[in-house]
Structures are given as structure tokens and as C-alpha cells.
Amino acid sequence: MLHFARQLYLSPNIRHPEILKWRLRHNAGNLGVYVIVPGDNKKESIPGANQLEILHCANLHQGYYKATDLTIVGLAEGYWQAIELVARITGECVDKTGGTDLKAYLFPECQSGQHGGDRP
């Protein structure tokens, strides 16, 4: 199931985020849209690696992503804008915390057992 972070990062070309969120939830076509999600660190071998992943929205139709609770933290129009968005998130994290723990920065309430998305 798809969830969206309370503080959703958007690339400059995303004009109607609410419509885009609806389209992503209902599997409507979004040809050039990329989503930024927390990385799956189950197989992490390097500390701090794989904190965020960039996925084309078509990947969300795959069985793995349909069966997984997925929190989207960013929406970008095009792959290069997605890379710039990840760089912006990382820069904000470093400026505000002095470190690069992106998951702790994006989901500080997870420390207390709460979720940062739009879950009911």
C-alpha cells in the first residue's frame, strides 16, 4: 500500500501533487514520474548505504511493491530531477543535523514508534 510522507519533497515541475498522488494510488499512467522511497536496508553491507531509492512509477505495479507498505518521500518529473531532489534532501539533513542519517531525518517520529506518512 502506498503512503506519502507528511513532508513530501517535490521537484519544480510537479504542478498538481494531489492529482499525482491520486494517480499513483490508482495505478493511472504517469509516464515521466519518479518516486523517492526509503531504501530496503535488509541486505546492507555498508553502514549508511541505500538510504533512499529512486523508482520509476511503473515499478509500483510490480508485485513486490504492491505487497509492501511503501512511504513515498519525494516526487520528481524525470530521473535527473529525482537525483537533484535526493541531493536536496541530503543537503537539508546535513545542514540541520550535521549527519547523513536520512531516515532519522525524514521520519523522526519513528524513534517513538509512530509513522511519518499519511496513514490513518
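Of all residues in the stretch 76-98, at least one satisfies being closer than 25 Å to residue 23 by Cα and touching a helix residue (DSSP H, G or I) at 6+ places or on another chain (Cβ under 6 Å). Inspection of the stretch 51-62 finds a residue satisfying the criterion of being of a type outside the set (Val, Ile, Thr), modelled with pLDDT under 95 and either touching a Cys at 6+ places or on another chain (Cβ under 9 Å) or exposed (fewer than 12 other Cβ atoms within 10 Å of the Cβ) (or both). Among residues of the stretch 14-43 that are under 19 Å from residue 81 (Cα atoms) and touching a residue at least 60 places away in the same chain (Cβ under 8 Å), those with a Cβ under 8 angstrom from a residue that is in a loop (DSSP other than H, G, I, E, B) and polar (S, T, N, Q), sequence gap 6+ or separate chain, pair up as 38/51. For the stretch 69-105, name all the residues that are polar (S, T, N, Q), within 20 Å of residue 24 (Cα to Cα) and in a helix (DSSP H, G or I). Correct list: 81 only.
For the criterion of being under 11 Å from the mean Cα position of the chain (by Cα) and either at pLDDT below 95 or surrounded by fewer than 18 Cβ atoms within 10 Å (Cβ to Cβ) (or both), residue 24 fails. Could you grab the pairs with beta carbons closer than 6 Å, sequence gap of 6+ or different chains, first residue in the stretch 77-98 and over 16 Å from residue 57 (Cβ atoms), second one part of a helix (DSSP H, G or I)? Hits for this filter: 93/102; 93/105; 97/105.
The values are calculated or read from the model by the stated rules, or taken from the named source; none is laboratory data. Just so you know, these numbers come straight off a predicted model, no measurement behind them. Here Cβ is always computed from backbone atoms with ideal geometry, including for glycine, and neighbour counts include all displayed protein chains.
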